[in-house]
Structures are given as C-alpha cells and as structure tokens.
Protein chains: 2
Amino acid sequence: MRDFSQDHHWLSINTATVRKQWALDGIIDQCARRGIRAISPWRDQVAAVGLDKVARQLRDTGTVLSGYCRGGFFPAPDAAGLKAALDDNRRAIDEACTLGAPCLVLVVGALPGALEGRAAYKDIARARHEVRDGIAASLDYARSVGMPLAIEPLHPMQAAERACINTLEQALDVCDALDPQRTGALGVALDVYHVWWDPKLQQQIERAGRQRLLAYHVCDWLTPTRDLLNDRGMMGDGVVELRKLRGWVEQAGYTGFSEVEIFSTLDWWQRPGDEVLDTCIARHKSCV
Amino acid sequence: MRDFSQDHHWLSINTATVRKQWALDGIIDQCARRGIRAISPWRDQVAAVGLDKVARQLRDTGTVLSGYCRGGFFPAPDAAGLKAALDDNRRAIDEACTLGAPCLVLVVGALPGALEGRAAYKDIARARHEVRDGIAASLDYARSVGMPLAIEPLHPMQAAERACINTLEQALDVCDALDPQRTGALGVALDVYHVWWDPKLQQQIERAGRQRLLAYHVCDWLTPTRDLLNDRGMMGDGVVELRKLRGWVEQAGYTGFSEVEIFSTLDWWQRPGDEVLDTCIARHKSCV
C-alpha cells in the first residue's frame, strides 16, 4: 500500500469541494500553488470559465485531471428526452477529451423528474434499462475517441433522484454486460461516501480489478448526517475506514489519484477556501 | 394477489405512526373503532401504558399483533455492553410472548455510540460479527419460547447508527447461516422504505420465500427526502411501486398483514390522529 503520510503526491481535488469559494480558474491556481497535481472539475465550472481557457490553464500549471464530472442522467420520459441525454453525453465526452481527462464520470440518472419532486414515472427497472441503453450508446462514441466511461454507483438514498445504479456489484454487472472483454473503456468511479456501508464491498472491489477501477473518491460519512446530498464530512471526521478501503482498491490494482470530493452546505462550503484546501492536504496525509 | 381495494382486512398500524398523537391505549382504541384488526407496537409505548394492561386491552378489543418493535442493537464496545444487549433482547422476547406477537422485529444495531455521534469504533465488519453473534445467542432463547425473530434490513443511510444489516440479501445470508433448516424461527421484516431501491430485491424476495418473510411494512419514499430518519411518506405520495412489491412478496408466499409504518416529523406526526388513521385506511385501499 502506498504511503500517503509524507506528501500529497496522489491527492486530487474534486472542484465541487471549493465551488462556493472560487471559480474554476481560481481553484486551479490555488491547487497549483499548493503542489496539488490533479483536479476533477465539473462541467458547469468549466463552462463558466470557458473550455479552451481551462485547457490552457491546466497545461500552463502542469495540472492533470483525475476525472471529469460528469455525464449520465440518461433516463427520460420520452424519446426526445432520451436523445437529448445522449447528445449531452457526447458533448461531455468531447469536453473530457479536450481537457485530457482519464475518464468521464457517469452519474447515471434515475426517475426522470424526481430531482424536481415530480417523477414522470416510478418504474425504477425502466430507469435502469434506460441507463444501460444510454451507457451502451455513449460507449460506442467514447470508444471511438478513446475516452473511458466511469460509472459511479451512488448511495441508495439517491436512487430516486440522481442515480439508479446503487451498488458496486450492480455497476460491475453493467460493465460486464457492455464490455465483457474488460478493455478499459468502461469501469467505475468508486466514491467511499456512496459505498462504504456495502457488505459486499471488498468482494466487489476484488472483482473490479485494475481494469474497472478508473477513479477513487474520498471524504467521510458523518454521524449524524443532516442532509442527503450536501453533508459530506472531511476525512477523519466520520466513520469510514479510509485506510482499509484504500488498501482494498490498491490490492485490486488501483494506482491512481485519491480524489477529495466534499459537498458541504453546513460546514466546508462556508469556510475560507485556503482553509479547506490546507485541511484536505493535511487529512489526506493523516487519514487517507 | 389479494385484493386490498374493498376493505382494510389486512391493514396493520405500526403504532409509531401515531405516537405523537396518542398513548398506546388510545391508539388501540382508535384502531379497534375503525375495524383495524392489527397493530405493531413499540416497546417504549407498551412500557408507558404497562405490559399487562396492553395485553388485556388487546384481548378485549380483539386486536392482534403483526409484530413487536423491537429487539436488536447488539453491538457494544465491551463485554458488559454485549451482555446487556442480550439481556435486553431476552426481555423483549418475553414481552413479545406476553403480547402474542407473531415475531419480534430486530433492528440489529451498528457502530456503538454512533447514534449519539460518538462511535466507539468504526469497524463495521466487527459490528456485523457482533450482530450475528447476538442474533445467534438470542435465537436459542427465542426458539425455546417459540418467538420467531425477524431481522429488518435497514436502509444503507442508517448503516452507521441503527443497523449494519442493510440489504435483504445480507439478512438472508444471516438467516441461512443461523437457521439453515428454514424452521420459521428466523426470518426478515421487509419494509419497503428500506429496500425499494435494491436492484436484487425481487430475486431476494423469491429466495426468502414464505418461511423467511415474517412481516411486511409499507409507507413511501418522498422526493425530496428531507430527513434520514423521520421523513417517510404516506403510501401514494412517493415513488415506491407498492403494488409491484406486494405482488413479489405474495408470489413468494407471504399472506400476512401489510403494516403501515410512517415516521414523519414534518408532516403526519403534526396532523390529527384521526386524519392519519383514516388516510392510512384510504391509501391502503387505493395504493397498497
């Protein structure tokens, strides 16, 4: 297992972590200044600054990506909606290529409209079929341009609104169905926040192996958790066994970045960005 | 599949649903007055009225139980705590016998202290071992007095604080390990709120079968869900496919009550008890 205690060589910052403090160009500068080598930006943050400008800044600062957030949201109530989702994912893949991302992270979507509190239908099996079809269609294009797709299983508490792929096992079943040769074109983004509770986690990480483990995200699970989306904790403040889980993914062959992704309305989004990044570095050494 | 649309013959009320409105003796009266044949009371509600008094009132009103809530909370940081949990479960089993419950529902517990925000340890595998040992020990006594134990898998969002058994598959693995003969002494309480999201739900309900399906709870999953514990929805107000799920459990051989269990700080606990019970009856006919 790699030693993270001496430096932050393998730390990446998911830029949602400081999205309230700085625009993306500011985040890139702040990370580069601290020797943080990698980030994982969100599409809206990239769009706000400008794709080409971000690509140039990444080159100028020597910053690489650990992923690009995010494609997905495939289900829709009608054919036009399904088509629009595929078009949007194609654009996300193109952007990921422009930015040199190692993978496009997929938050696959769930019951269309549920995010707005008005689900167009309740049939989660239908949503799962639409997700599978959407990934299959996007995978054709992604392969043609060499951009791996990383399915992110989301916590079951987000199954209605954000992603109906909710366990690593389920994500790997989709991978095996659509990419049985394990070519590296399709895999998973494993976020400890979403999967830490899973009794089959170690077994399924072994199953995933190096070919399927495309990204690894860390934060912590707080007790109590006060919000189903935006109450993620800083590493060390919750109950996730971060060292044990990283041991499992490294044992399975993962050698990439460990990406800190914290959405925190009640805490970290309210603190100065400098404090957040410095704490990420310190906790990455002491807890991850 | 049974027709629930004409009457509420198979409706049971989990008494937490109206715990803010009435004490248990009032709840039993209100249910009996409406022709609700069954309830599932909580231990603290029984204790507040008195065990013998409740038992007598049940007999006098012809009310039966669909379950007794609840045993469990097995993990502890030390031997004294583990022993205290077993003693408490023994008392719960005795109370269930006195009340003529068909099963004692087990909310098995998780990281000790996490419910108070101070987890004594983070090793969820250890908690799961302690749960298994606790169920095994309690099962010996429960068998001797003829009280079936029903493991309730809780939603993964409650894995740290309330129950580290989080999927039906995991619960059934414990059942198979401790009661391989499927004697009826050990099974599951299936609450749609906790399991509706599970991609393996139908398959695992089939696996459970009549011998393992000891209780069936209904409510609904709201979008958005504003609280991780107390924001359950009334049947029909959320996204759970209630008819489909009941079809699966009946197909697997379940013929018991359908128990309404709604914790709702923000809504139903604030309404008049009469309205809550009348709505339960109406929605049980139209949505369950």
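Filtering A:28, A:36 for residues that are assigned to a loop (DSSP other than H, G, I, E, B), crowded, with 17+ Cβ neighbours inside 10 Å and touching a residue at least 24 places away in the same chain (Cβ under 8 Å) leaves a single hit, A:36.
Go through A:77, A:41 for me and flag whichever is of a type outside the set (Val, Ile, Thr) and surrounded by 23 or more Cβ atoms within 10 Å (Cβ to Cβ).
A:41
Residue A:282 meets each of the listed conditions (1) within 24 Å of residue A:21 (Cα to Cα); (2) without any contact (Cβ under 8 Å) to a residue 24 or more places away in the chain; (3) in a loop (DSSP other than H, G, I, E, B) apart from (3). Residues in the range B:238-270 that are charged (D, E, K, R) and surrounded by fewer than 21 Cβ atoms within 10 Å (Cβ to Cβ) were compared, and the one that is farthest from the other protein chains (Cβ to nearest Cβ) is B:250.
Taken together, A:156, A:180 contain a single residue that is within 10 Å of chain B (Cβ to nearest Cβ) and not basic (Lys, Arg), which is A:156. Out of curiosity, is residue A:70 among the basic types (Lys, Arg), modelled with pLDDT of 95 or more and within 29 Å of residue A:164 (Cβ to Cβ)? Yes, satisfied. Scanning for something under 16 Å from the mean Cα position of the chain (by Cα) and of a type in the set (A, V, I, L, M, F, W, C), does the range B:268-276 turn up at least one residue? Scanning the range B:268-276, I find no residue that is under 16 Å from the mean Cα position of the chain (by Cα) and of a type in the set (A, V, I, L, M, F, W, C), so the answer is no. Mind checking which residues of the range A:78-122 are within 14 Å of another protein chain (Cβ to nearest Cβ) and out of contact with any strand residue (DSSP E or B) (no Cβ under 8 Å at 6 or more places or on another chain)? Result: A:111, A:112, A:113, A:114, A:115, A:116, A:117, A:118, A:119, A:120, A:121, A:122.
Residue selection: residue B:18 fails the criterion of being among the β-branched types (Val, Ile, Thr), surrounded by fewer than 19 Cβ atoms within 10 Å (Cβ to Cβ) and either touching a Pro at 6+ places or on another chain (Cβ under 9 Å) or modelled with pLDDT of 95 or more (or both). For beta carbons closer than 7 Å, sequence separation of 6+ or different chains, a first residue in the range B:203-231 that is over 30 Å from residue A:231 (Cβ atoms) and a second that is at pLDDT 95 or above and of a type in the set (S, T, N, Q), the qualifying pairs are B:215/B:66; B:216/B:258. Taken over the range A:186-216, the residue count meeting the criterion of being in contact with a Ser or Thr (Cβ under 8 Å, 6 or more places away or on another chain) and either within 14 Å of chain B (Cβ to nearest Cβ) or buried (at least 24 other Cβ atoms within 10 Å of the Cβ) (or both) is 7. Taken over the range B:227-237, the criterion of being more than 8 Å from chain A (Cβ to nearest Cβ) and in a loop (DSSP other than H, G, I, E, B) is satisfied by B:227, B:229, B:230, B:232, B:234, B:235, B:236, B:237. Considering the range B:123-153, the residues that are aliphatic (A, V, I, L, M), farther than 26 Å from residue A:223 by Cα and assigned to a helix (DSSP H, G or I) include one that is farthest from the other protein chains (Cβ to nearest Cβ), namely B:145. Taking the listed residues B:216, B:193, the one that is in contact with an Asp or Glu (Cβ under 9 Å, 6 or more places away or on another chain) and closer than 10 Å to residue B:249 by Cβ is B:216, with no other qualifying.
Filtering the range B:45-60 to residues that are without any contact (Cβ under 8 Å) to a residue 40 or more places away in the chain and either out of contact with any Lys or Arg (no Cβ under 9 Å at 6 or more places or on another chain) or of a type in the set (Gly, Ala, Ser) (or both) leaves B:47, B:48, B:49, B:50, B:53, B:56, B:57, B:59, B:60. If you go through the range A:77-105 and pick out every residue that is closer than 12 Å to residue A:67 by Cβ, among the aliphatic types (A, V, I, L, M) and in contact with a Leu (Cβ under 7 Å, 6 or more places away or on another chain), you end up with 5.
The values are calculated or read from the model by the stated rules, or taken from the named source; none is laboratory data. It should be emphasised that the depicted structure is a prediction, and the values quoted were computed from it without experimental measurement. No Cβ is skipped: glycine too gets one built from the backbone with ideal geometry, and neighbour counts run over all protein chains shown.
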